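For reference, the structure is listed below as structure tokens.
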Amino acid sequence: MLEYAHFMEISDHLQSILDSAPTKTGCYLMKDVKGKVIYVGKAINLRNRLRSYYHASAMQNLKSRQMVRRIADIDWILVGSELEALILEMNLIKKYRPHFNVRLKDDKRYPYIKVHWQNPFPKLTVTRQMVNDGSRYFGPYTSVWAVHQTLDVLRRIFPYLTCDREITGEDKRACLYYDIKLCTAPCIGVINQDNYRQVIDDLCQFLSGRTEPILSRLQEEMEAAANQLQFERAAALRDQINAIQKVVERQKVVSTEYIDSDVIAMARSNGEACVQVFFIRGGKLMGREYFLLQGAEGAADADVISGFIKQFYDQASMVPSQVLLPHEIEEAHIIKQWLSSRRPGETFEILIPHEGQQRELIQLAAENAAETLNALQARWQAEKHRQTEALAELQSALNLPIPPNRIECYDISNTQGTSAVGSMVVFEMGIPSKKLYRRFNIRSVTGPDDFASMEEVLLRRFNRWQAAQELGDQPGEKVDQSFALLPDLLIVDGGKGQLGRAVGVLAKYNLVEKIPVVGLAKQHEEIFVPGQPGPILLPQNTQGLFLLQRVRDEAHRFAITSHRKQHTKTGLASRLDAIPGVGPARRKALLGKFGSIQGILDASVEEISSLPGISESLAHSIKIQLE
């Protein structure tokens, strides 16, 4: 036994793992009794690192004690270098999102501005995923709203294409955007491909903070146009210069050194951690973003900053010349090596300034992080109070035995009875729990019968609840949490008719006494309750009414979205079915491979004919009939 055995009892299984761990470089995955990964780490010497978790010094940290108590198994992956271990560690954290790792507090990817540079006439879109397809990316941003605000500004300065026209330069007339100066109209040949791409390149340079070269070139072009008596073009260039200068004037000059820098600082309060990043380009503060972190409670500041840097720059579209940090981090040398590899042929530094202008920037970023975190916590507290108030109001108005901490709402969407879809949304403690949302493609109903469709949805929902109860008694069985629990309040979108169907379904499962159910009619926000002749009307401008409306609107939105997807898929399938030689198997193969009509049209005959059962002649036929 090792020296730490008396301090914490270790199972024979874990002891054998610690004894047999290699002394090589790699990553390790700690798992709980259910096999779930709860922590991912890396080490130059895996055996030494794993044993260190069971030393008395490690047990002084609350987070370490909690984690070690939950470890039931440990796996490892050997790599060839410390840099490889760093990259693998980041990928594993991204994949498993372990509870005890510091990680960005957002399951979805952050949005980017994507410039489709590989296209002859590049467009701009918003995306949440960077792909190595020749495009240029800018971000990440933390707010989609902020991205669209940025795009609105950019379009007024650098008018870019937004339509789906095939650009030949020979169209007879341009769209309205050309008339309101939000497009340069390459479709009618007002601007050629080279000049349009110059506009988009200027836009990219602008986003990168390179405004001086753009202004200098535009100034020269304006003067040349004026000398050649092209006064309309000179005036357009003057307006563009003025628009750029107005934006640049709002960018605060923070450094006399024209070095691209990211300034990173952090604030912590009540277990929450907020990191603020200042983006300095060419000596000017181009923008700032804040990021919230999970798994930071109990971790040292240096570990939190280190965890953030690895995840942020793994997603970032560019790495600056230098990163300024408030204090030293343990992994600085390997992080520097990794980020330097992202800037081939260029220098990169991690700096910890202790005085001067750079230290002032760190302090300013820390103050912003603290203010942001205070504001967020105040908002969270206010929202929590409103949610508690809303649930209490609903409990009182509907005479419920307990506050409706879990609310389920159901809605039906269809187009003249086709592609009907039912939606189930779940709110927990007044907050939407989107991971528990479910959609139901209606199977048993023909025609536009919302009552029968609602009955089918509820029957399927409670059938799955019943199945979950049976599975729950069997060890190792995975239960869908959307259906495993009963709601404290069930809402159906509609009046007495829908409510009657819901009560009938509950009666089949002996749940009438266990689950309060109401129907919510949209026109006058009337709440129908079983056994009451008239509806209940909640007072206007109350939190209870606002919550009901939000739940109902969310169910409607989710149903509409699901229905559109189903309708689109059905329409695509029917177009393929109309092609001779394309049956269910070939249709499924085409949809699985290309996803859409446009995807099939963009594919070559060789790509289509590579699918099982599709000859070259049939591939030609498919492309011709879909055009």
Worksheet item: Would you pick out the residues in segment 329-366 that are over 18 Å from Asp260 (Cα atoms) and among the small types (Gly, Ala, Ser)?
Response: Ala332, Ala366
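With modelled with pLDDT under 90 and hydrophobic (A, V, I, L, M, F, W, C) as the only criterion, which of Leu50, Leu62 stands out? Don't jump to the end; show me each part of the working.
Working: Leu50 fails: modelled with pLDDT under 90.
Sole residue among the options that is modelled with pLDDT under 90 and hydrophobic (A, V, I, L, M, F, W, C): Leu62.
Of all residues in segment 373-386 being in contact (Cβ under 8 Å) with a residue 60 or more places away in the chain and surrounded by fewer than 18 Cβ atoms within 10 Å (Cβ to Cβ), which is farthest from Glu289 (Cα to Cα)?
If we filter segment 373-386 for residues that are in contact (Cβ under 8 Å) with a residue 60 or more places away in the chain, which is where we start, we get 373-374, 376-377, 386.
Those left that are additionally surrounded by fewer than 18 Cβ atoms within 10 Å (Cβ to Cβ): 374, 376-377, 386.
Numbers: Asn374: 16, Leu376: 14, Gln377: 17, Arg386: 28 Å.
For segment 373-386, the residue satisfying everything is Arg386.
Conditions (1) crowded, with 20+ Cβ neighbours inside 10 Å; (2) at pLDDT 90 or above; (3) outside the structural domain of Val126 (by TED's automatic domain parsing); (4) within 18 Å of Gly209 (Cβ to Cβ), marked per residue:
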| site | (1), (2), (3), (4) |
| --- | --- |
| Met286 | no, no, yes, yes |
| Gly295 | yes, no, yes, no |
| Ala302 | no, yes, yes, no |
| Gly307 | yes, yes, yes, no |
| Leu325 | yes, yes, yes, no |
| Ile329 | yes, yes, yes, no |
| Phe348 | no, yes, yes, yes |
| Ile352 | no, yes, yes, no |
Worksheet item: Is it fair to say Ser396 is of a type in the set (S, T, N, Q) and over 30 Å from Leu490 (Cα atoms)?
Response: no
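Conditions (1) small (Gly, Ala, Ser); (2) free of Cβ contacts under 8 Å to residues at least 60 places away in the same chain; (3) part of a strand (DSSP E or B), marked per residue:
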residue	(1), (2), (3)
Trp76	no, yes, yes
Leu83	no, no, no
Glu89	no, no, no
Leu92	no, no, no
Asn101	no, no, no
Lys114	no, yes, yes
Gln129	no, yes, no
Gly134	yes, yes, no
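Please verify whether Ala174 is farther than 30 Å from Lys95 by Cβ, touching a residue at least 12 places away in the same chain (Cβ under 8 Å) and not hydroxyl-bearing (Ser, Thr, Tyr), treating the condition exactly as stated. Reasoning before the result, please.
On the way: farther than 30 Å from Lys95 by Cβ: yes; touching a residue at least 12 places away in the same chain (Cβ under 8 Å): yes; not hydroxyl-bearing (Ser, Thr, Tyr): yes.
So Ala174 passes the test.
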Worksheet item: Any residue in segment 31-46 that is more than 30 Å from the chain's Cα centre (by Cα) and not aliphatic (A, V, I, L, M)?
Response: yes
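Considering Thr388, Thr347, which residue is among the β-branched types (Val, Ile, Thr) and assigned to a helix (DSSP H, G or I)? Step through it out loud before you land on a result.
Working: Thr347 fails: assigned to a helix (DSSP H, G or I).
Only one candidate passes the filter, namely Thr388.
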Worksheet entry | Restricting segment 420-469 to residues that are of a type outside the set (A, V, I, L, M, F, W, C) and touching a residue at least 60 places away in the same chain (Cβ under 8 Å), the residue that is surrounded by the most Cβ atoms within 10 Å (Cβ to Cβ) | Gly422
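Do any strands (runs of 3 or more DSSP E) lying entirely in segment 433-545 carry at least 2 residues that are touching a helix residue (DSSP H, G or I) at 6+ places or on another chain (Cβ under 7 Å) and within 22 Å of Leu394 (Cα to Cα), and which ones are they?
Values: elements: 438-441, 489-493, 517-521, 526-528.
The strands (runs of 3 or more DSSP E) meeting that bar are 489-493, 517-521.
If we keep just the residues of segment 30-70 that are part of a strand (DSSP E or B) and in contact with a strand residue (DSSP E or B) (Cβ under 6 Å, 6 or more places away or on another chain), which is farthest from Ser306 (Cα to Cα)? Steps first, please.
Here is the first cut: in segment 30-70, the residues part of a strand (DSSP E or B) are 30-31, 37-43.
From the residues that got through so far, the ones that are in contact with a strand residue (DSSP E or B) (Cβ under 6 Å, 6 or more places away or on another chain) too are 30-31, 37-42.
Numbers: Met30: 20, Lys31: 23, Val37: 20, Ile38: 19, Tyr39: 16, Val40: 14, Gly41: 13, Lys42: 13 Å.
The residue in question is Lys31.
The values are calculated or read from the model by the stated rules, or taken from the named source; none is laboratory data. All values reported here derive from a predicted model rather than from experimental measurement. For neighbour counting, all protein chains shown are included, and Cβ atoms are generated from backbone atoms with ideal geometry for every residue, glycine included.
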